[in-house]
1. Suppose R0 equals 22 Å. What FRET efficiency, 1/(1 + (r/R0)^6) with r the Cβ-Cβ distance, do Glu145 and Arg58 give to the nearest 0.05?
2. Among Glu66, Glu207, Glu175, whose mean-square fluctuation peaks in a Gaussian network model of the chain (Cα, cutoff 10 Å)?
3. Pull out a ≥ b ≥ c, the square roots of the eigenvalues of the alpha-carbon gyration tensor of segment 1-91, then state rounded if a/c is under 1.5, prolate if not and a/b is larger than b/c, and oblate in the remaining case.
4. Express as a percent, rounded to the nearest 5, the fraction of DSSP beta bridges in the chain (both residues included) that run antiparallel.
5. Among [x] 1.04; [y] 1.23; [z] 1.17, which one is Cα Rg over 2.2 N^0.38 Å computed from these coordinates?
6. Please give the contour-minus-distance gain from Glu66 to Arg193: 0.36 nm per residue of separation, less the Cα-Cα distance, rounded to one decimal in nm.
7. For every helix of n ≥ 4 consecutive DSSP H residues, a contribution of -39,500 (n - 2.57) applies; sum these over the chain, divide by its total residues, and give [θ] at 222 nm rounded to the nearest 500 deg cm²/dmol.
8. Mind telling me which of Arg137, Arg202, Arg171 comes out most flexible in a GNM of the chain, alpha-carbon contacts under 10 Å?
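Read the figures in this text as sums done on the coordinates, not as results from a lab. Remember, predicted model here, so these are calculated numbers, not experimental data. For neighbour counting, all protein chains shown are included, and Cβ atoms are generated from backbone atoms with ideal geometry for every residue, glycine included.
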Amino acid sequence: MQRRGLAIILSSPSGAGKSTLARRLMAWDETLKFSVSATTRAPRRGESDGVEYYFRTRAQFHAMVEAGEMLEHAEVFGNLYGTPKGPVEEAMAAGRDTLFDIDWQGGAQIRRSSLARDVVSIFILPPSIAELEVRLRQRAQDTDEVIAGRMAKSRDEISHWAEYDYVLVNRDLDETESQLRTVLQAERSRADRQPWLNGFVRGLNAEYEAGRKGETA
């Protein structure tokens, strides 16, 4: 029996590095499936529909929510974001781990969903608030007004750190990536996530019994 896939939630305030870390984790393990979110925000330069996000109008997004097609959804900085349910459930049933790059609101909804028993949640903290602002400005993606909004919201986002299974301070990307790998390997190795172990241990016991019978023959 193969294990069910994990729902690996990565959350952080904007600029703390969760998206970069998610990309690195998937480059390290190509079996990881990235959960592509739906959003009502406009595509940024270089983004494609169905790759970075499913870009939808507000009417289309609300229709998906009403139809029960979202695992979670929230409004962030004036735009709607959510996780389509079907692709995630199919991947996890097939034993593939799914990586979620979402905020604390989405993480809380998934922890309350039908996937709850398979969730591993990880919160990424910045080394300092000053460094968080520097990273946001270095991205060169947002206006000063948007950056100010993200910084104002970061305190509330950080206040939810204790709701997560693991909390990592992203002082250095290489070090934090290594810690993420360790978390993933440990979670995959938990006894309750490996249903095949029962049969395997029965086989080991059968070898003991066969050896004993051979000794007494």
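1. Values: r = 22 Å, r/R0 = 0.98.
Rounded to the nearest 0.05, the efficiency is 0.55.
2. Fluctuation is largest for Glu207.
3. Details: a/c = 1.86, a/b = 1.22, b/c = 1.52.
Note, shape of segment 1-91 comes out oblate.
4. If we restrict to bridges inside the chain, about 30 percent are antiparallel.
5. [y]
6. On the way: separation 127, 0.36 × 127 = 45.72 nm, distance 3.31 nm.
Between Glu66 and Arg193, full extension yields an extra 42.4 nm.
7. Values: 8 runs with 99 residues, N = 217.
Mean residue ellipticity at 222 nm (helix-derived): -14500 deg cm²/dmol.
8. Most flexible of the set in this elastic network: Arg202.
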